[in-house]
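Since every read-out is calculated from the coordinates, none of them should be taken as a lab result. None of the values given here were measured: they were computed from a predicted structure. Note: ideal-geometry Cβ built from the backbone for every residue, glycine included; neighbour counts use all protein chains shown.
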């Protein structure tokens with residue numbers, strides 16, 4: 001075996017080592033992307049759960065949210081500020097999810113669910129006005145996204161009677177159970 005042959009063998013082994021390193025790096029990159037998406041989803045879930053629990057535990061916060069959403073014109077300045085800040089926080093959450101989706105970090109089905117939730121929120125006259133007042137705080141691409149949702153969603157003039165809807169739903173469930 002000549003020195004030239006040995007050099008060729010070493011070169012081939014070196015090439016295989018580089019190829020193996022590239023395959024390993026590709027696997028690590030894919031795994032890292034999965035972990036990043038999982039962490040983002042976990043953070044999103046924690047935000048939603050935290051907000052939901054806060055409303056469940058604080059009746060005054062829930063009452064303010066209901067009154068503000070319904071467009072109660074008797075809210076005072078402090079209550080209006082509280083309602084606006086409550087809504088502003090939600091708009092920033094939507095903006096974060098919008099950009100996460102754009103970056104490929106939030107999948108299409110979760111993003112579609114978020115859009116349905118936004119549509120439901122914009123049936124409320126208070127939420128619509130709160131967004132219109134806060135709109136200038138957001139980038140033009142996010143404004144366009146939200147504007148398109150608001151354009152295809154209309155406010156519900158009469159607020160839903162939650163208690164009546166609950167009772168009707170329970171009666172329907174019980175009648176299905178007994179059938």
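Per-structure values
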| quantity | calculated |
| --- | --- |
| Helix 140-152 axis, angle to the chain major axis (alpha carbon atoms, nearest 10°) | 50 |
| Inter-probe distance in nm under a simple model that places probes 7 Å from Cα toward Cβ, at residue 132 and residue 171 | 3.7 |
| Gain upon complete extension [residue 164, residue 5; 0.36 nm per residue less C-alpha separation] | 48.5 nm |
| Angle in degrees between helix 59-70 and the longest Cα principal axis of the chain, rounded to the nearest 10 | 80 |
| Mean residue ellipticity (222 nm) of the chain, computed from DSSP H runs ≥ 4 via -39,500 (n - 2.57), nearest 500 | -28500 deg cm²/dmol |
| Protection proxy ranking, peptides 11-22, 113-124, 130-141, average beta carbon neighbours within 10 Å, highest first | 113-124, 130-141, 11-22 |
| Highest-first arrangement of 61-69, 103-111, 142-150, where packing means the average Cβ count within 10 Å | 61-69, 142-150, 103-111 |
| Label corresponding to Rg and Dmax of the Cα atoms in Å when calculated from the structure given, among [x] 16.5, 50; [y] 26.4, 96; [z] 17.4, 61 | [y] |
| Rounded, prolate or oblate (a/c below 1.5 giving rounded, otherwise prolate when a/b exceeds b/c) for the stretch 27-131 by Cα gyration tensor | prolate |
| Cα-based helix-to-principal-axis angle, 125-134 vs the chain, degrees rounded to 10 | 50 |
